[in-house]
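Only the coordinates and a few stated rules stand behind these numbers; no lab work does. Computed from a predicted structure; not experimentally measured. All Cβ positions, glycine included, derive from the backbone under ideal geometry; neighbour counts span all protein chains shown.
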Amino acid sequence: MAAWLVWRAWWRQAGVRLSALDGPGRLLAAAAATLPAGRRDWGEAMAAELAQVPVQERGARWRFAAGCARAAVFPPGGSRVAVGVAGVAVAATTAAALATGAVLPAGRVFAPTFIGVVGGLATLAVARSHRAGWAWPGAAITGLGLAGVAACMAATGYYLAEFPAYQRADPPATLASLPPVTAAVLAVLLAGCLWLALRPPRWLLPDRRARRFGVGMAVALVAGFVLTTSRQVLGNPPGSEGMVFYLLIGPILVVLTGSAAAAAVGRSFRSGLWACAWAVVLGAPLLIAAWLAEALRWYQQGQGTVLDRAGGLGVGVNLGDAVWWPLVFLAVWAVPLGVVGAAAGSARARERGDPASTT
Amino acid sequence: MVSFTRLSGQATTAVILGLAEQPATWRYGHELCQQLDLEPGRLYRALMRLADLGLLEAAWESEAPADRPPRHRYRLSGPGRAYAATLAAGPPVPATTARGVGGIRRRPRLQGT
């Protein structure tokens, strides 16, 4: 349903125009959409020249479109600097791999992957730059994003140093707290959140109110999590055991209603989507950090795992849980809820007779 | 400012010299690809670079037929023509000389857009 809502909104805006294009035209349109704002004219210029290549010459049209697409995705401007940034990124990644291998062996996948992804994103950004500077998402988003990623890094580092492995009672085994795949997923997630907080794509930025809604929703998600875990520890659970309950209910209360409100206030389906996206981007690292901090408190009071209060497992199991469960619930549960909320909010605005709410 | 090293690419040089053959005539991207035997990606990167440096004038067609979109057209600017003359005159221009070519703007804007 959420996918259908997104597809319908996209089709209203761009689908009809794209449906009139052939394959090379669509390829070029997609590549041109990635051009920095200061170079948008060049995308239109390339499309106009593609129209000069006869439709019958399909091979020539594909070659022309592919060449133009390459220029659109990698416009000139920063290639020399990009080589330098890429070199620094490779050196930093190598140094991180060597250092963590020696000092913190449990982090030998996480640390270099994180630095490598950040370095790759920085290289890509520099290679595509056009003197235009970067789009500033605002102090609240950048501050909250940096705080979330820093808290998550600190908590992860603490777990890797103190609880690199955990014991499982049944069947008995010793398992790594942060297996390689989970470490890579966490590193990519944090690097992506960091990058979006510092240098988001321009399509995430047009609506200031949506950004504010996103910040508020992220804070509310994490505050609700902390409040719920406190009630659980005090022996007054609001529902089923563990935090699965909150992962189901929290996004309904926060993301669904928040996205609907953002769409209604912004009078646009997209405003709701932007608010939902910011809530997820900013909320994910904060939620992981809060999960890991609360897990320590739960274990001190003999409560078991944060997820489902399971006993017989070392505290380190929470590290993997903190990565996968919030991630899965935010991606599979909260985002579709946000899309539905955005549709409901924009429909409400449309009922009030605002024509802008159709997009 | 223009540094010679930033204009040392073969495609960029070919585009400058190609445009300089008929400096007053507006030219089009597809036409330039065919004339200079350049792959479109290289041509457009060169055109963007020249426009960034103020060596290229770019403008949209003012009157396009109804059956196709208006085309972007290009020709060398005054500094571009001066630079092309310097290029055609002899060996590679030292950076200090290239920097002095004709009052080049730092952030040129496309005309007619």
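Got the relative contact order for the range A:19-73 handy, in percent, Cα pairs under 8 Å and 6 or more residues apart? Display every interim value, and only then the final one.
On the way: 48 pairs, mean separation 26.8, N = 55.
Relative CO of the range A:19-73 lands at 49 percent.
Could you tell me which of rounded, prolate or oblate describes chain A, using a ≥ b ≥ c as the square roots of the eigenvalues of the alpha-carbon gyration tensor, with rounded for a/c under 1.5 and, failing that, prolate when a/b is larger than b/c and oblate otherwise? Provide the component values of the computation, followed by the final result.
Details: a/c = 2.39, a/b = 1.42, b/c = 1.69.
Oblate, since a/c reaches 1.5 and b/c is not below a/b.
I need the calculated FRET efficiency for the pair A:Arg199 and A:Trp324, taking r as the beta carbon distance and R₀ as 30 Å, to the nearest 0.05.
Values: r = 27 Å, r/R0 = 0.90.
Approximately 0.65, to the nearest 0.05.
Under the √(5λ) rule applied to the eigenvalues of the Cα gyration tensor, what semi-axes describe the equivalent ellipsoid of the range A:170-228? Give them in Å, descending. Intermediate values should be presented prior to the final figure.
Working: eigenvalues 216, 71, 8 Å².
Result for the range A:170-228: semi-axes of 33, 19, 6 Å.
In the P(r) worked out for the range A:241-359, what percent of Cα pairs fall beyond 18 Å? Walk me through the intermediate numbers first.
Values: 3804 of 7021 pairs.
Pairs farther apart than 18 Å: 54 percent.
Give me a single rounded figure for A:50-59: the average over its residues of other chain Cβ atoms within 10 Å of their Cβ.
Per residue, the average neighbour count from other chains is 2.
Going through the DSSP H helices of chain A, which span 18 Å or more along their own axis at the Cα atoms while scoring at least 0.5 as a mean Kyte-Doolittle hydropathy? Write out the running numbers ahead of the final one.
Values: long enough: A:58-73 (22 Å, 0.04); A:79-103 (35 Å, 1.54); A:110-127 (25 Å, 1.85); A:139-162 (34 Å, 1.24); A:180-198 (27 Å, 2.28); A:208-233 (38 Å, 0.53); A:269-300 (45 Å, 0.98); A:335-351 (24 Å, 0.55).
Flagged H segments are A:79-103, A:110-127, A:139-162, A:180-198, A:208-233, A:269-300, A:335-351.
What's the extension gain from A:Arg208 to A:Val55 if we count 0.36 nm per residue and subtract their Cα-Cα distance?
Stretched out fully, the A:Arg208 to A:Val55 stretch lengthens by 50.8 nm.
Would you mind ranking A:Cys152, A:Cys68, B:Cys33, A:Cys276 so that the residue whose beta carbon has the fewest other beta carbons within 10 Å leads the list? Before the final figure, lay out each step's value.
Details: A:Cys152 26, A:Cys68 29, B:Cys33 23, A:Cys276 33.
The most exposed by this proxy come first: B:Cys33, A:Cys152, A:Cys68, A:Cys276.
If the label point is 7 Å along Cα→Cβ of A:Thr174, which residues in the range A:303-341 have backbone nitrogen under 14 Å from it?
The answer is A:314.
Starting from the 7 Å offset along Cα-to-Cβ, what nm value, one decimal, do you get for the label separation of A:Arg309 and A:Ala147?
3.1
Amide H of B:Glu57: which non-local residues (sequence gap of 5 or more, or other chain) have their own amide H closer than 5 Å, using H built in the peptide plane?
For B:Glu57, the qualifying residues are B:Arg75, B:Leu76, B:Ser77.
Regarding the range A:19-73, what whole-number volume in Å³ per residue does the convex hull of its Cα atoms give? Mind dumping the intermediate values first?
Numbers: hull volume 3.5 nm³, N = 55.
Considering the Cα atoms of the range A:19-73, their hull volume per residue is 63 Å³.
How would A:Phe225, A:Phe245 line up from fewest to most surrounding beta-carbon atoms within 10 angstrom? Working shown, then result.
Values: A:Phe225 23, A:Phe245 16.
So the residues, fewest neighbours to most, are A:Phe245, A:Phe225.
Take A:Arg297 and A:Ala165, extend 7 Å from each Cα along the Cα→Cβ direction, and tell me the distance between the two endpoints in nm.
3.1
So for the pair A:Ala331, A:Val103, with labels modelled 7 Å out along Cα→Cβ, what separation do we get in nm?
3.0
Report the gain in length on full extension from A:Ser230 to A:Val181: 0.36 nm times residue separation, minus Cα-Cα distance, nm rounded to one decimal. Could the numbers behind the result be given before it?
Details: separation 49, 0.36 × 49 = 17.64 nm, distance 3.07 nm.
Separation in residues times 0.36 nm, less the Cα-Cα distance, equals 14.6 nm.
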